Amino acid sequence: MYFYRMAEPISFLQIKNIIKSYSGTVFSGIKEVSLEIKQGVITAIIGRSGSGKSTLLNLIYGLVAADKGEIIFEGERVWGPDVKLIPGHDQMKMVTQQSDHLNLYAKVWDNVASLLPNTNLDYKSTKTTEVLQQLRLLDLKERRVTDLSGGERQRVSIARALVSNPKVLLLDEPFNQVDASFRDNLQQDIRRIVAETGLTVIMVSHDPQEVLSLADELVVLKDGEIVETGHPQQLYQNPQKLYTATLLANGTVFTGIKAASLGIVTDAKTVMVYAEDIYADKNSIENLCIIEAVLFKGFYEELILNNGLVTFKAINLQPKIFQVGDQVSVSVKKFLTFDESFT
Ligand code: ADP
Ligand code: MG
């Protein structure tokens, strides 16, 4: 009898026990990170400024050499600049906030097409058209880059990255300089490209607005270490760490003791209440608070409330019914507890 053993499927991209420390008196860099990146999805690495996001992205791409550990892409080691003459993996492309690689005085078309060889002019033209279309730049193809808005330039940078059909697109805070509506459109386009082409995207950001609606997988990074991973909704609704909650959501953090003054009963050290989970009501007398500030936010208001012991935030979806100095009753619909203390 013969037994056939199926080969283990090769994982797409593995980060194995990577360490990278920069010299200095306090630690900075990546402490020890292991992570599996899935193919064909958008993974977002989120963390405060200085948490090591860019370093991790550069390690994955092979721009920075690790002190220890390895990156394995489709079964093969990704080599850093200490080994490889031209740093950066051939199957990956990186886009950052700076678009200084763009030729400002050349047309959009030429900025993108110039990355393809002249050996097949039909392909060059077809592929450039396809990528400009995917990024909604076709109407701007004759425009010089210098005459484009910041958001449009960022689209050109992404088009340049995609024209050579990379398997992985790495984005380092790509929407930072881009206004909100432009960002939302670009996010949708990136989602569509991923769905249509099977592209794998790894992006880093400090901004929940950039990642919550875009990412399939979130990786939370703190001081060079992964704190937790999961789907955006799961991490937003049920974070295991206070750091994750304060990174992703707008709300107030209390000690367990002070939280009792809002009617929250817990023996946890720390409580966080998201602003959208506190309801203010003028027609009740329980849990009375004073409105210290009403911050206009467009379609909603943020209320700053004080009950004599703690100050906290609430979202009010019916603007103009409350005024500074009003006495209101608050109820807490949901709260999160943590066993960590906060300072
Ligand atoms: P993030 O992208 O999350 O803001 P970085 O990866 O850029 O964080 O940086 C992480 C930490 O490493 C920071 O404390 C930063 O100052 C330090 N760092 C980054 N690059 C270098 C470098 N080339 N030399 C020395 N320290 C660095
Ligand atoms: Mg960075």
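Readers should treat all values here as calculations from the given coordinates under stated rules, not as data from a laboratory. Computed from a predicted model, the values in this text were never measured in an experiment. Note: ideal-geometry Cβ built from the backbone for every residue, glycine included; neighbour counts use all protein chains shown.
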Cα-based radius of gyration of segment 197-266 once divided by 2.2 N^0.38 Å, which approximates compact folds:
1.33
Would you mind ranking ARG155, ARG144, ARG183, ARG77 so that the residue whose beta carbon has the fewest other beta carbons within 10 Å leads the list?
ARG77, ARG144, ARG183, ARG155
Simple spin-label estimate for ASP100/THR25, 7 Å along Cα→Cβ, in nm, reads 3.0 nm
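Pull up the DSSP beta bridges for the chain and report the antiparallel fraction as a percent, rounded to 5.
Once the DSSP bridges in the chain are tallied, antiparallel ones form about 70 percent.
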Taking the Cα of THR197, stepping 7 Å toward and past its beta carbon, and measuring to each backbone N in segment 89-126: which are under 11 Å?
93
Tell me the label-point distance for the pair SER164, ILE285, using the 7 Å Cα-to-Cβ offset, in nm and rounded to one decimal.
7.3 nm
Between 0 and 90 degrees, rounded to the nearest ten: what's the tilt of helix 180-197 against the longest Cα principal axis of the chain?
50 degrees
Identify all aspartates and glutamates with a Cα-Cα distance to LYS68 below 12 Å; exclude those on the same chain that are fewer than 8 residues away in sequence.
GLU32
Here, ASN120 and GLN234, labelled 7 Å along Cα→Cβ, have an inter-label distance in nm of 4.1 nm
Return one number: the angle in degrees, 0 to 90 and rounded to the nearest 10, between the long axis of the Cα atoms of helix 121-134 and the longest principal axis of the Cα atoms of the chain.
10 degrees
Output the relative contact order of the chain, whole-number percent, from Cα pairs under 8 angstrom with separation of 6+ residues.
16 percent
Rounded to whole angstroms and listed largest first, the alpha-carbon spread of segment 71-124 along its three principal axes comes to 37, 29, 18
Straight distance only, please: which lysines reach the Cα of LYS167 with their own Cα at less than 18 Å, same-chain residues fewer than 8 apart left out?
LYS38, LYS93, LYS127
Quick check on the exposure proxy: order THR55, THR266, THR126 from fewest to most C-beta atoms within 10 angstrom.
THR126, THR266, THR55
Mind telling me which of GLY24, GLY263, GLY75 comes out most flexible in a GNM of the chain, alpha-carbon contacts under 10 Å?
GLY24
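Between THR129 and ALA180, what FRET efficiency follows from the Cβ-Cβ distance if R0 is 30 Å, with the result rounded to 0.05?
Values: r = 29 Å, r/R0 = 0.98.
Once rounded, the FRET efficiency stands at 0.55.
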Using a Gaussian network model of the chain whose springs link C-alpha atoms within less than 10 Å, name the residue from ILE226, ILE202, ILE257 with the highest mean-square fluctuation.
ILE257
How long is segment 250-338 along each principal axis, judged by its Cα atoms, biggest number first, in Å?
37, 25, 18
Please go through the residue pairs LYS53/LYS258; LYS31/LYS84; LYS269/LYS297; LYS20/LYS269 and name each one whose alpha carbons sit more than 26 Å apart in this structure.
LYS53/LYS258; LYS269/LYS297; LYS20/LYS269
Is any residue of segment 260-294 close enough, with backbone N under 12 Å, to a label point placed 7 angstrom from the Cα of ILE321 along the Cα-Cβ axis, and if so, which?
279-284
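Would you kindly give the portion of the calculated P(r) for the chain that falls above 29 Å, as a percent of all Cα pairs?
Considering the chain, 52 percent of its Cα-Cα pairs are separated by more than 29 Å.
Taking the Cβ of TRP79 as the center, what net charge do the other residues with Cβ under 15 Å away carry, scoring Lys and Arg +1 and Asp and Glu -1?
Charge balance near TRP79 sits at -1.
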Most exposed first, judged by fewest Cβ atoms within 10 angstrom, ASP326, ASP281 run ASP281, ASP326
